[in-house]
Amino acid sequence: MSKPVSRTVVKIFTAVTLLLLTSFATTNASSTPHGSQAIRQQTPALAPEVVTVTATKTDTLFTDVNNNTLVDPGDTLQYTIVVGNSGDEDALNTLFTDVTDDTEVTVIAGSLRATPIGCNDAYNVIGNTHITHAAGAGLLANDIDPDGGSLTASCAPCTSTNGGAVTLNADGSFTYNPPVGFTGSDTFTYTVTDNHSLTDTGTVTFTVTNRIWWVDSDAPGGGDGRSTSPFNTLSAAQAASGANDIVFVYNRGANYTGGFVMDNGERLCGHGAALATCSGITPPAGTAFPGTSTNPTIINAAGNGVTLAQNNTIHGVTLGNTGAAANFALSGSNFGTLNLEIVTINTNNGAISLNTGTATASFTSVTATGSTNNVALTSVNGNLNLGTGALSGSSGDAFVIGGGAAAVSYTGTITNSAARAVNIQNKTAGTVTFGGAITSTGTGILLANNSGATMTFTGGLSLNTGTNTAFSATGGGTINVSTGINAATTTAGTAVNIRNMTIGASGVTFRSVSANGGSNGIYLDSNTGGTFTVSGTGSPGSGGTIQNMSGANGTTNGIGVYLNNTGNVSLNWMQLNGFSNFAIRGITVSNVTFTNSVVSGLSGDSAADDEGAISFTNLTGTFTFTNRGVTRNP
């Protein structure tokens, strides 16, 4: 609010008071003050708004030298001018002329003094976060001395109405530290003083929104969580913070122990990411956010690293070791939405367990060496980029996806000897891309009932699964297996089993497929799309050896390569030895290539079933059969 007189009045809705002090001479021995009188309103230079503006001047005896309550020569009068606007519009371009028309009084030249005008101030503040303003943006920046002198600012006490701390300098520069945990409106009053020791007051209003709890492992104990006195443990921040709060964690080199359990809407912001991005807050004037550094590390010897609530944000932290095999570095169930960036996981147990929610997550890397699963995603939607890293040591399936429509990618390696390296079932949409090498000596890779989803492997597969199926994709969805050295080897299990799938544009390519014993080596049924290829490396047998298959006559068992209602199959540099039914059996098949391969040994033992080495029914398209050898050793 401004307090002008004899000048343009800007936005005045209530009365404004200006005090004028003057010494004077008088023609009489004494007189009395005149009380109130109106001040003339001048015609403005520009047409005023539709307002009702008045100005009234009142004189009172300010300094009574002889204490006779009369105005005597040498006394000082105080003139109080009240300017008011009772209208609903701003008063613009309105001038007043103050006329001293007392014939008994002569104002001594140079004695007129006007009080300074302390204008109210307003600042935006983040909860628990101090602000600092230099003089140029401080409390005196909008204050006025009508006499043209200099002003100083002071406060006593320098405490806001809600207990915030104010440090005020004479030049108007100041700092304000809001009360711990406070949000809302906070005020304090300061005094502005001119060269003549005349004063006025101004009110400063701080609008405190949001709330950041600050954590610094190097801070002394007993901190209250404000930027000027951080907590030194995550447990203190967890206890103090609540829904929709922000916790900022400095990286000082030491691990933060005990993990962190989040509240709904809470944001965990580490030093490795921009606080403004993580918090969603543009720092107001006077607020300095710390610059980015490296991620602080959070560990927990007694549980999960970070446990989600709902609708959380995590940026710029590293999640380390946890307490037991059942624990995960990041865990959340019914987590709503998750926004995650610049997060690294390097843990001795499980890395990620998310169940039911939507994630927008970008990890730098994910490494885990234990737990039942390294990564488990159940009914998760959104987009998750797990970066690079290495997954190993799980007692169950290493990488598990159940349901949901999330787009998931991981370029790290996966190694598993206990169960499946990858298990993806019941995805309704979305893509899953593995760009790193996958090694399984357990139960291989299972892709089942993923209608609408696309699964791609580009980092190389090394599957040696004994009596278990090495690579199985059934029940819908699109698959691509390309790039890298892809090899599937079993003893009594099917090496490659693909049924009711769409083979993507990149195809499914194995360098070698080998199986010794069991029912089938390769089983392709009711597939569409791209090409299934066993490529070899250009030398005999480099495409793998399938041998010693057995099964009842008239069944699909006991067949080395079984093809049904499928097309675009290319088998190269393979060795096929000894089958109770067929080496290769194709029914309603199109576009088959069989080159540089050998079928040897017994193939079929039933003339009634027309068993033999190679048999096709309803073969269409192109059939290429070159540089092959077929021998029969009854």
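Results for (1) touching a Pro at 6+ places or on another chain (Cβ under 8 Å); (2) surrounded by fewer than 18 Cβ atoms within 10 Å (Cβ to Cβ); (3) assigned to a loop (DSSP other than H, G, I, E, B), shown as yes or no for each residue.
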position: 462; (1), (2), (3): no, no, no
position: 467; (1), (2), (3): no, yes, yes
position: 503; (1), (2), (3): no, no, no
position: 507; (1), (2), (3): no, yes, no
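Taking the criterion of being more than 23 Å from residue 243 (Cβ to Cβ), among the hydrophobic types (A, V, I, L, M, F, W, C) and out of contact with any Ser or Thr (no Cβ under 6 Å at 6 or more places or on another chain), the residues of the range 313-332 that qualify are 324, 326.
Report yes if some residue within the range 400-411 is more than 24 Å from residue 357 (Cα to Cα) and modelled with pLDDT of 95 or more; otherwise report no. Checking the range 400-411: not a single residue is more than 24 Å from residue 357 (Cα to Cα) and modelled with pLDDT of 95 or more.
Inspect all residues belonging to the range 166-182 and state whether any of them is surrounded by 17 or more Cβ atoms within 10 Å (Cβ to Cβ) and in contact with a Cys (Cβ under 7 Å, 6 or more places away or on another chain). Yes: one or more hits. Tell me, please, whether a residue that is surrounded by fewer than 16 Cβ atoms within 10 Å (Cβ to Cβ), under 49 Å from the mean Cα position of the chain (by Cα), part of a loop (DSSP other than H, G, I, E, B) and touching a residue at least 40 places away in the same chain (Cβ under 8 Å) can be found in the range 516-529. Yes: the range 516-529 contains one or more residues that are surrounded by fewer than 16 Cβ atoms within 10 Å (Cβ to Cβ), under 49 Å from the mean Cα position of the chain (by Cα), part of a loop (DSSP other than H, G, I, E, B) and touching a residue at least 40 places away in the same chain (Cβ under 8 Å). Taken together, the criteria exclude residue 442 from residues that are out of contact with any helix residue (DSSP H, G or I) (no Cβ under 6 Å at 6 or more places or on another chain), crowded, with 24+ Cβ neighbours inside 10 Å and part of a loop (DSSP other than H, G, I, E, B).
Okay, residues lined up against (1) more than 25 Å from residue 507 (Cβ to Cβ); (2) of a type in the set (Val, Ile, Thr); (3) at pLDDT below 95; (4) under 57 Å from the mean Cα position of the chain (by Cα):
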residue: 547; (1), (2), (3), (4): yes, no, no, yes
residue: 551; (1), (2), (3), (4): yes, no, yes, yes
residue: 561; (1), (2), (3), (4): no, yes, no, yes
residue: 584; (1), (2), (3), (4): no, yes, yes, yes
residue: 601; (1), (2), (3), (4): yes, no, yes, no
residue: 614; (1), (2), (3), (4): no, yes, yes, no
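Just one of the numbered conditions (1) more than 19 Å from residue 284 (Cα to Cα); (2) among the β-branched types (Val, Ile, Thr); (3) surrounded by 21 or more Cβ atoms within 10 Å (Cβ to Cβ) is not true of residue 212: (1).
Looking at residue 160, is it in contact with a Pro (Cβ under 9 Å, 6 or more places away or on another chain) and modelled with pLDDT of 95 or more? Taking the combined requirement at face value, the residue satisfies it.
Against the definition (closer than 25 Å to residue 254 by Cα and modelled with pLDDT of 95 or more), how does residue 228 come out, yes or no? Criteria met by residue 228.
Here is a yes/no grid of residues against (1) touching a strand residue (DSSP E or B) at 6+ places or on another chain (Cβ under 7 Å); (2) under 25 Å from residue 458 (Cα atoms):
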site: 322; (1), (2): yes, no
site: 337; (1), (2): yes, no
site: 348; (1), (2): no, no
site: 366; (1), (2): yes, yes
site: 383; (1), (2): yes, yes
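So, in the range 215-251, of the ones that are among the acidic types (Asp, Glu) and either surrounded by fewer than 19 Cβ atoms within 10 Å (Cβ to Cβ) or over 23 Å from the mean Cα position of the chain (by Cα) (or both), which residue ends up nearest to residue 271 (Cα to Cα)? My answer is 218. Just one of the listed residues (505, 470, 453) is aliphatic (A, V, I, L, M) and closer than 23 Å to residue 396 by Cα, and it is 470. Taking the numbered list (1) outside any strand (DSSP E or B); (2) closer than 26 Å to residue 349 by Cα in turn, residue 432 passes all entries but (1). Taking the range 232-242 as the range and being in contact (Cβ under 8 Å) with a residue 24 or more places away in the chain, of a type outside the set (Ser, Thr, Tyr) and assigned to a loop (DSSP other than H, G, I, E, B) as the test, only 242 passes.
The values are calculated or read from the model by the stated rules, or taken from the named source; none is laboratory data. Computed from a predicted model, the values in this text were never measured in an experiment. Heads up, the Cβs are rebuilt from the backbone with ideal geometry, glycines too, and the neighbour counts pull from every protein chain shown.
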